[in-house]
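Visitor: Handing you a structure now.
The values are calculated or read from the model by the stated rules, or taken from the named source; none is laboratory data. Computed from a predicted structure; not experimentally measured. Cβ atoms come from the backbone with ideal geometry, glycine included; neighbour counts cover every protein chain shown. Just so you know, the surface numbers come from the protein's heavy atoms only, side chains and all, with ligands and any DNA or RNA stripped out. Shrake-Rupley method; radii C 1.70, N 1.55, O 1.52, S 1.80 Å.
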Amino acid sequence: MMLNYVLRKCYLLIFVTLGVTIFAFSLNYLFPGDVLSNMTGNLNISPELRQILSEEYRLDQNVIFQYFAYIHRITNGDWGVSFINDTSIFNQVFHALPATIELAVYALLYSFIVALPLGILASDSNRPWLDKPILALSLIGFSMPIFWLALIMILIFSINLGWFPVSGRLSLIYDIPVTTGFMLVDIWISELPYKMEAMLDALKHLIMPTFVLAAYPTTVLIRTTRQSMQNVLDTSYVKAAKAKGLSNFQVLKRHALRNGLLPVIQMLGIHFGTLITLAMVTEVIFSWPGIGLWLVDAIHQRDYPAIQGGLMVMSGMVFVATIIFDVIYMIFDPLARRHGHGKI
Amino acid sequence: MVKIKGLIKAVLVMFGVTSILGCDIEQDSELASKTLLYCSEGSPESFNPQLVTSGTTIDAVSQQIYNRLVKIDPSNGQVVSDLARKVIVSNDAMRYRFYLRKDITFHTTDYFTPTRNLTSADILFTFSRILHTDNPFHDVGGGQYPFFSGIGLSQLIEQIIVVDDLTIEFRLNDPQASFLANMATDFAVILSAEYGEQLIESGQKELIDQKPIGTGPFKFKDYKRDHYIRYLKHHDYWQSESNLEQIVFDITPDNSTRLAKLLTKECDVLGYPSASDVGFLHKRKEVDIVETTSMNVSYWAFNTEVEPFNNPLVRKALSYAVDQNAIIDAVYFGLAEPATSLLPPTSWAYNGDSYISRYNLQKAQELLNEAGYSDGFEMDIWAMPVQRVYNPNAGKMAEILQQSLKELNIKVNIVTYDWGTFRKKLANGEHDSVLIGWLADNSDPDNFYRPLLSCAAAVSGSNRSLWCNDDYDSNVKQALSTANQDKRKIFYTNAENIITREVPLVPIAHATRHKVHHNYIKNVNINPYGGIDFSATKKGKQ
């Protein structure tokens with residue numbers, strides 16, 4: 001059953017990916033300018049080179065063949081070169097991606113750590129005085145535009161108090177060799193004399209972007225957790241457990257938590273796309289050198305091959321994350337396997 | 001009650017953790033105290049200043065990596081010795097013999113280890129590349145040497161003779177008053193011939209401009225486009241060794257981010273603060289502002305090869321639409337003076353009588369009617385995307401012009417690209433008109449007249465008007481052929497009159513140049529004629 005479910009999800013992933021590649025491919029024709037330039041990233045194509053490239057990109061054949069040639073190229077890592085700096089889009093994308101993943105993962109972790117206890121506390125009918133402030137806090141966080149939050153934080157914590165840096169992942173003082181692309185890991189495995197200093201500096205750089213990016217998922221999680229825990233605590237089996245004389249903590253641990261957190265996982269999956277969009281905004285404000293900042297730069301400079309590459313990676317990330325959250329949800333909720341048809 | 005106490009305790013612990021993470025950790029380690037962070041406004045186009053004229057590149061590269069035969073003393077504008085310990089000029093001013101210093105070492109990096117010190121062969125190699133089209137490196141990097149083409153170096157130099165290992169002689173075709181001043185510019189950097197040979201052998205000639213080797217106080221370590229440049233100290237530097245172990249150029253095009261980085265000490269020195277921020281920075285006691293009267297001009301150049309700008313009447317009409325006072329208030333926040341000539345008033349050749357721009361829309365309309373454009377037309381004004389010392393906000397300047405021109409029924413489209421693309425397209429002559437400027441490389445007035453408007457500069461790309469006037473060229477050439485300053489001034493006045501008549505460009509303002517740094521930084525040298533020099537900079541306790 002489980003394998004069947006995962007296979008169905010993968011099946012869906014293939015179709016959605018195909019859809020995205022068709023869209024990205026069509027952009028070659030929809031963007032202004034020469035189709036071959038849009039495909040290759042080469043703006044100055046000599047007539048001789050045009051002949052060679054036209055054959056390689058099957059421009060002399062119909063659009064179906066061109067599409068398959070395109071699929072062949074992108075699966076081989078040939079995503080063209082940037083209009084602006086003539087470097088491989090593939091390398092650029094996968095150079096920038098770890099920074100975004102790092103930021104998104106820390107933000108999600110932070111959301112879990114902060115939101116779940118607050119959500120559970122807010123759902124506790126024995127402490128009604130906690131419910132309203134937590135809800136109010138989450139409402140403020142939910143309705144505040146994150147670019148504004150980021151700017152306010154920069155103004156207070158960076159410019160006025162001087163606690164945190166305003167941009168980047170690490171002070172340029174430190175020259176950390178890139179091994180995995182994940183800054184904290186790279187610092188940890190490096191053997192530099194200033195390793196601890198660099199680590200502290202990287203953490204200082206992480207705090208504000210993580211907090212800003214986490215604001216939205218945290219508030220969503222608080223409200224979802226609260227609602228779902230209230231529903232669970234209201235069920236007969238919880239009441240029965242309480243009647244048996246179990247303590248509040250035991251009820252929470254044995255009966256309520258697992259069932260109460262199921263919708264939270266599902267909600268996270270649904271909101272992952274929004275999280276990625278917010279990550280782009282966060283990256284731009286904090287000059288965080290991830291895929292979001294890279295893509296916004298590409299859009300600014302009308303770098304069409306880069307826009308296509310960024311689009312595919314961003315949408316790919318959202319699909320994969322949604323499917324992972326779905327599978328996790330299904331692992332915890334056997335009932336979900338009954339609705340085993342893949343959906344995004 | 002117990003629960004409330006527990007809650008208060010938890011909140012206090014949370015605040016405690018936050019403040020430990022958040023406290024201002026003094027970056028006073030060995031590395032931090034010996035690293036200078038400079039927030040620059042753009043990426044260099046090359047690591048060889050011979051190939052470009054952009055101030056961004058000069059700031060980032062020229063004084064950090066390289067030396068010149070002679071240099072300009074920033075305090076008085078005089079040419080003084082650098083790699084050459086002595087220069088002997090023949091009586092007829094046609095032969096310049098440079099005596100080089102001994103024991104000058106090139107950089108040792110992970111991509112090059114020199115086996116010998118600087119000799120005349122390196123000087124010959126450097127200038128042969130520029131002068132001789134058959135030199136294996138001539139076409140590397142595009143084969144354009146805009147500054148040297150603009151001053152006609154290849155027509156000027158007859159021969160370069162290696163006298164011995166440490167003596168080299170330049171023989172000129174004609175005497176030229178500005179030759180030494182030009183050899184002292186940030187463009188006349190000396191490269192390593194041995195490195196060139198190594199690159200030829202490995203078939204990687206293009207690296208000469210990408211992974212540079214020089215004799216300067218710092219050596220190249222690492223560059224990430226639009227992100228940073230890292231230089232390390234050159235430990236065998238022939239002059240007093242730098243106090244800094246590394247300099248990092250943090251490339252931050254956005255003004256407000258650059259300012260924020262200065263305030264959070266992510267930058268020690270800030271290049272080109274926005275004019276609007278200078279007043280605010282004056283109030284901050286932790287920063288020092290260095291203000292220099294700079295030899296610069298910001299101007300509006302017309303592409304004289306396209307209609308209707310090939311008509312001097314139209315150009316002149318447009319010059320009357322430039323409201324200099326409004327521009328100086330809105331763009332420079334008063335930190336500039338209106339230009340009345342191509343030359344700033346501090347130049348000895350400045351002629352107070354020349355007066356090009358005078359805001360008068362009625363006169364402009366009359367001239368447009370005369371030129372047959374009474375109904376106006378549509379045009380592009382290209383505005384630089386970066387801040388330069390001569391123009392802190394070209395976009396705003398373009399908007400002010402757009403408003404004035406609207407009164408004349410001229411529809412203006414403001415065009416901008418990223419800096420690299422902008423310059424490339426500009427060099428291709430794809431513009432109608434452009435708001436750009438010039439920062440002089442030496443104290444000689446020739447440095448304004450020839451690079452900006454000579455026929456040679458129209459070919460090499462620094463003449464943004466693509467304007468070529470024989471009469472003008474002849475005056476500028478004659479000014480160069482004599483060392484007599486009074487005679488030269490007459491020729492320059494003639495040249496200025498031709499500009500006033502033909503209006504290939506409209507000079508707009510001469511800006512004051514500012515550099516801002518934290519007060520724990522000492523000895524940041526800004527050359528009024530060129531780039532920024534960190535060789536003597538010290539970083540104290542933050």
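Visitor: For region B:392-405, which positions are polar (S, T, N, Q) and farther than 17 Å from B:D418 by Cβ? Working first, answer last.
Guide: Applying the first criterion (polar (S, T, N, Q)) to region B:392-405 yields B:393, B:402-404.
Matches in region B:392-405: B:Q402, B:Q403, B:S404.
Visitor: Name the single residue, out of those in region A:277-307 being without any contact (Cβ under 8 Å) to a residue 60 or more places away in the chain and within 23 Å of A:L43 (Cα to Cα), that is most open to solvent (accessible area, probe 1.4 Å). Before the answer, list the steps.
Guide: Quick first cut of region A:277-307, residues without any contact (Cβ under 8 Å) to a residue 60 or more places away in the chain only: A:277, A:280, A:284, A:295-297, A:299-300.
Next cut, within 23 Å of A:L43 (Cα to Cα) only: A:295-297, A:299-300.
Values: A:L295: 15, A:V296: 35, A:D297: 73, A:I299: 83, A:H300: 138 Å².
The extreme case among them is A:H300.
Visitor: In region A:157-197, which residues are in a helix (DSSP H, G or I) and either touching a strand residue (DSSP E or B) at 6+ places or on another chain (Cβ under 7 Å) or more than 20 Å from A:H95 (Cα to Cα) (or both)?
Guide: Taking region A:157-197 as the starting set, the residues that turn out to be in a helix (DSSP H, G or I) are A:157-160, A:183-189, A:195-197.
Result: A:F157, A:S158, A:I159, A:N160, A:K195, A:M196, A:E197.
Visitor: Another question, if that's okay. When only residues in region A:308-344 that are more than 23 Å from A:T17 (Cβ to Cβ) and open to solvent by less than 30 Å² (accessible area, probe 1.4 Å) count, which is modelled with the lowest pLDDT?
Guide: Restricting attention to region A:308-344, the residues satisfying the condition of being more than 23 Å from A:T17 (Cβ to Cβ) are A:331-338.
Next, from what is left, pick out any that are open to solvent by less than 30 Å² (accessible area, probe 1.4 Å): A:333, A:336.
Details: A:D333: 77, A:A336: 69.
Ranking the qualifying residues of region A:308-344, first place goes to A:A336.
Visitor: Still on this structure: Could you tell me which numbered condition B:L31 fails, if it satisfies all but one of (1) surrounded by 16 or more Cβ atoms within 10 Å (Cβ to Cβ); (2) more than 29 Å from B:R388 (Cα to Cα); (3) more than 14 Å from chain A (Cβ to nearest Cβ)?
Guide: (3)
Visitor: Of all helices (runs of 4 or more DSSP H) completely enclosed by region B:355-465, which ones contain at least 1 residues that are over 20 Å from the mean Cα position of the chain (by Cα) and of a type in the set (D, E)?
Guide: Working: elements: B:361-371, B:394-406, B:419-427, B:446-453, B:455-460.
Helices (runs of 4 or more DSSP H) meeting the threshold: B:361-371, B:394-406.
Matching residues to (1) surrounded by 18 or more Cβ atoms within 10 Å (Cβ to Cβ); (2) within 14 Å of chain A (Cβ to nearest Cβ); (3) of a type in the set (A, V, I, L, M, F, W, C); (4) more than 23 Å from the chain's Cα centre (by Cα):
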| position | (1), (2), (3), (4) |
| --- | --- |
| B:A260 | yes, yes, yes, yes |
| B:K265 | yes, yes, no, yes |
| B:A275 | yes, no, yes, no |
| B:T304 | yes, no, no, yes |
| B:A321 | yes, no, yes, yes |
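Visitor: May I pose another question? For region B:239-249, state whether one or more residues are open to solvent by less than 10 Å² (accessible area, probe 1.4 Å) and of a type in the set (F, W, Y).
Guide: Yes, region B:239-249 contains a residue that is open to solvent by less than 10 Å² (accessible area, probe 1.4 Å) and of a type in the set (F, W, Y).
Visitor: Then there is this: A:I113 is checked against (1) surrounded by 13 or more Cβ atoms within 10 Å (Cβ to Cβ); (2) within 14 Å of another protein chain (Cβ to nearest Cβ); (3) of a type in the set (A, V, I, L, M, F, W, C) and fails just one. What number does that condition carry?
Guide: (1)
Visitor: Moving on. Could you please let me know if A:R73 is more than 30 Å from A:L257 (Cα to Cα) and charged (D, E, K, R)? Break it down into steps so the answer makes sense when it comes.
Guide: On the way: more than 30 Å from A:L257 (Cα to Cα): yes; charged (D, E, K, R): yes.
Judged against the criteria, A:R73 is a match.
Visitor: Identify all residues within region B:56-83 that are part of a helix (DSSP H, G or I) and either open to solvent by 20 Å² or more (accessible area, probe 1.4 Å) or among the basic types (K, R) (or both); write none if there are none.
Guide: Taking region B:56-83 as the starting set, the residues that turn out to be part of a helix (DSSP H, G or I) are B:56-65.
Listed by number, the list holds a single entry, B:Q63.
Visitor: Next question, about the same structure. Given B:E201, B:E197, B:E169, which one is over 26 Å from B:T252 (Cα atoms) and either in contact with a Lys or Arg (Cβ under 7 Å, 6 or more places away or on another chain) or in a loop (DSSP other than H, G, I, E, B) (or both)?
Guide: Just a single option satisfies the conditions, and that option is B:E169.
Visitor: Cβ-Cβ distance below 9 Å, separation of 6 or more or different chains: which pairs start in region A:104-121 with a residue that is without any contact (Cβ under 8 Å) to a residue 12 or more places away in the chain and end on one that is assigned to a helix (DSSP H, G or I) and hydrophobic (A, V, I, L, M, F, W, C)?
Guide: Pairs that qualify, where the first residue is without any contact (Cβ under 8 Å) to a residue 12 or more places away in the chain and the partner is assigned to a helix (DSSP H, G or I) and hydrophobic (A, V, I, L, M, F, W, C), are A:L109/A:A214.
Visitor: All but one of (1) under 13 Å from B:A60 (Cβ atoms); (2) not in a loop (DSSP other than H, G, I, E, B) hold for B:P212; state the number of the condition that does not hold.
Guide: Here B:P212 meets the rest and fails (2).
Visitor: I need a count of the residues in region B:466-504 that are in contact (Cβ under 8 Å) with a residue 60 or more places away in the chain and either assigned to a loop (DSSP other than H, G, I, E, B) or more than 20 Å from B:D444 (Cα to Cα) (or both).
Guide: Qualifying residue count for the region: 10.
Visitor: Then there's this: Six or more apart or on different chains, Cβ under 8 Å: which pairs go from a residue in region A:70-94 that's over 17 Å from A:N38 (Cβ atoms) and within 14 Å of chain B (Cβ to nearest Cβ) to one that's of a type in the set (D, E) and crowded, with 18+ Cβ neighbours inside 10 Å? Could you list them?
Guide: Within 8 Å, no pair qualifies.
Visitor: Return a yes/no flag: does region A:13-26 have any residue that is at pLDDT 80 or above, open to solvent by less than 90 Å² (accessible area, probe 1.4 Å), farther than 29 Å from A:M330 by Cβ and over 27 Å from the mean Cα position of the chain (by Cα).
Guide: The answer is no, given that none of the residues of region A:13-26 is at pLDDT 80 or above, open to solvent by less than 90 Å² (accessible area, probe 1.4 Å), farther than 29 Å from A:M330 by Cβ and over 27 Å from the mean Cα position of the chain (by Cα).
Visitor: Only one of (1) within 30 Å of B:S274 (Cα to Cα); (2) more than 9 Å from chain A (Cβ to nearest Cβ) is not met by B:D254, so which one is it?
Guide: Against the list (1) within 30 Å of B:S274 (Cα to Cα); (2) more than 9 Å from chain A (Cβ to nearest Cβ), B:D254 comes up short only on (2).
Visitor: If you take the residues in region B:210-238 that are within 14 Å of chain A (Cβ to nearest Cβ) and free of Cβ contacts under 8 Å to residues at least 12 places away in the same chain, which one is least open to solvent (accessible area, probe 1.4 Å)?
Guide: By that ranking, first place goes to B:D222.
Visitor: Which residue, of B:I410, B:I414, B:I508, is open to solvent by 30 Å² or more (accessible area, probe 1.4 Å), farther than 16 Å from B:S54 by Cβ and touching a residue at least 24 places away in the same chain (Cβ under 8 Å)? Walk me through how you get there before you give the answer.
Guide: Details: B:I410 fails: open to solvent by 30 Å² or more (accessible area, probe 1.4 Å); B:I508 fails: open to solvent by 30 Å² or more (accessible area, probe 1.4 Å).
It is B:I414.
Visitor: Still on this structure: When the residues of region B:436-487 are filtered to those that are β-branched (V, I, T) and open to solvent by 10 Å² or more (accessible area, probe 1.4 Å), which remaining residue is nearest to B:D139 (Cα to Cα)?
Guide: Going through the qualifying residues, I end up with B:V459.
Visitor: Out of the residues in region A:206-265 meeting the condition of being charged (D, E, K, R) and assigned to a helix (DSSP H, G or I), tell me which one is nearest to A:L135 (Cα to Cα).
Guide: Residues of region A:206-265 charged (D, E, K, R): A:223, A:226, A:234, A:239, A:242, A:244, A:253-254, A:258.
Narrowing the set further to residues that are assigned to a helix (DSSP H, G or I) leaves A:223, A:226, A:239, A:242, A:253-254, A:258.
Numbers: A:R223: 7, A:R226: 9, A:K239: 25, A:K242: 26, A:K253: 23, A:R254: 26, A:R258: 22 Å.
Restricting to residues being charged (D, E, K, R) and assigned to a helix (DSSP H, G or I), the top hit is A:R223.
Visitor: Same structure, new question: Starting from residues that are more than 14 Å from A:V281 (Cα to Cα) and surrounded by fewer than 19 Cβ atoms within 10 Å (Cβ to Cβ), keep the ones in region A:142-156 and report whichever is farthest from the other protein chains (Cβ to nearest Cβ).
Guide: Selected residue: A:S143.
Visitor: Which one is nearest to B:Y390 (Cα to Cα) among residues in region B:255-275 that are polar (S, T, N, Q) and in contact (Cβ under 8 Å) with a residue 60 or more places away in the chain?
Guide: Of the residues in region B:255-275, the ones polar (S, T, N, Q) are B:255-257, B:264, B:274.
Next cut, in contact (Cβ under 8 Å) with a residue 60 or more places away in the chain only: B:255, B:274.
Numbers: B:N255: 15, B:S274: 12 Å.
Filtering region B:255-275 for residues that are polar (S, T, N, Q) and in contact (Cβ under 8 Å) with a residue 60 or more places away in the chain, the one nearest to B:Y390 (Cα to Cα) comes out as B:S274.
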